[in-house]
Amino acid sequence: MRRLGAGLAAAALVLAGGVPAGAVDGTLPGGIGIAVDVETPLPDTVIPKGTTTVVGTASIGTKAATPTTSLVYVLDSSGSLTQRGWDAEKQAVGEFHRQVAQQPYLGVGATGLVAFSTAAQAAWTGPAAGPRFHDVLAALPWQDGSTNFTAGLRVGTEVANATTEPRSIMIFLSDGRDNHTLENFEGALAAVPERVDIHTVAFGPDATCSSGPRSLKRMADATGGACVQAPDIRDLPTALGTLFPSELQRLTLTVDGGPELPITDITPALPQPGPRQVRYTVETPPLDVGNHPLCVTAHGTDYAGAGKVTDCTNVIILEPAPSTTPTTSPTSTTPTSPGGPPPTAALPGNRQVSVIPRGGVDTGGGTAAP
């Protein structure tokens, strides 16, 4: 939602007890999914003392998200575009909608479509999925009027208010500057509800993201969005594609609730843009007797902020079993040379001791004084 951006606290999802059964799925602030899975070792695996290897996967944007966002396009249909420019603008929006907005991982439910010039007109409100949006977009006529940001903003807000998703994103496009200075631009901006973020797109040589009281940047800044610029209308698809980034940034390991240790053996290497899945392998520090929770955390961001998700397993190192090997005193077989002195153990007051440490390994005989 509005103004979540950089100040949003990261959310962690950890299964109670630290021993989950399978992968853990989470949701980043914008609704894009993030997941992590510890595949091995399995929970409560008994291992010997020393290090152990943790293997698993992490992903971002690889699963369908619950539809929690509506998307409203507000298109500039003013005379400066010409028919050719209007057709190019519609083509870029249609391509973006097909390749990005209709992807299940973004969780877009309803879609709205508005065209503005001197006045504004709501052309469509309906589901993002399916061909109907594209049919309506293709049929929209060029209006050939002046550039009235306030009119487009008001009708775009009305369409966003007609959607029921918890979050709404308005994409407001223009090839120029507002030239209706008598309109109450700030009043229209103040009427935009908290659930609506506005991303603005300035395309063509006369459009700009520079600051000003009636600018595209002002519209974006006031509602928690961003202004992106496309110097040429041919750059419009690329500019639109920057509005919904997601990235799997890093993976970390914790042992026994200790500090986060970076995981570096990751294929493909991080960071990676979504949607993407990676595999990781990491070796723990040396472990001693006891139970050891091992937790892997995936850190990521989407267009609304940062978040993380954690999956844990548990390994057990048992005390060594006590030795059951009996201690024996073998008979000395040291020969006695005729005429020579007797063996030391045979002298009065001495005895032979064989030391057998735990585990039954005989280290040989030795002499002990009484």
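The values are calculated or read from the model by the stated rules, or taken from the named source; none is laboratory data. Since this is a predicted model, take the numbers as computed values, not measurements. So basically every Cβ, Gly included, is an ideal-geometry build from the backbone, and we count neighbours across all protein chains shown.
Things worth noting here:
- Flag if GLU194 is under 27 Å from the mean Cα position of the chain (by Cα) and not in a loop (DSSP other than H, G, I, E, B): no
- Residue in region 341-357 that is modelled with pLDDT under 95, touching a Leu at 6+ places or on another chain (Cβ under 9 Å) and not basic (Lys, Arg) present: yes
- Unique residue being more than 26 Å from GLY79 (Cα to Cα) and in contact (Cβ under 8 Å) with a residue 24 or more places away in the chain when the list is PRO127, PRO166, PRO131: PRO166
- Filter result for LEU106 (farther than 30 Å from GLY26 by Cα and either out of contact with any strand residue (DSSP E or B) (no Cβ under 9 Å at 6 or more places or on another chain) or of a type outside the set (Lys, Arg) (or both)): no
- Which numbered condition ALA190 fails, given (1) touching a His at 6+ places or on another chain (Cβ under 8 Å); (2) surrounded by fewer than 22 Cβ atoms within 10 Å (Cβ to Cβ); (3) more than 21 Å from TRP86 (Cα to Cα): (1)
- Residue pairs meeting the criteria (Cβ under 6 Å; at least 6 apart or on separate chains; first assigned by TED's automatic domain parsing to the domain that holds GLN272, in region 39-57; second among the small types (Gly, Ala, Ser)): GLU39/GLY56
- The set of residues in region 32-55 being assigned to a loop (DSSP other than H, G, I, E, B) and either surrounded by fewer than 22 Cβ atoms within 10 Å (Cβ to Cβ) or more than 16 Å from the chain's Cα centre (by Cα) (or both) consists of PRO41, LEU42, PRO43, ASP44, ILE47, PRO48, LYS49, THR51, THR52.
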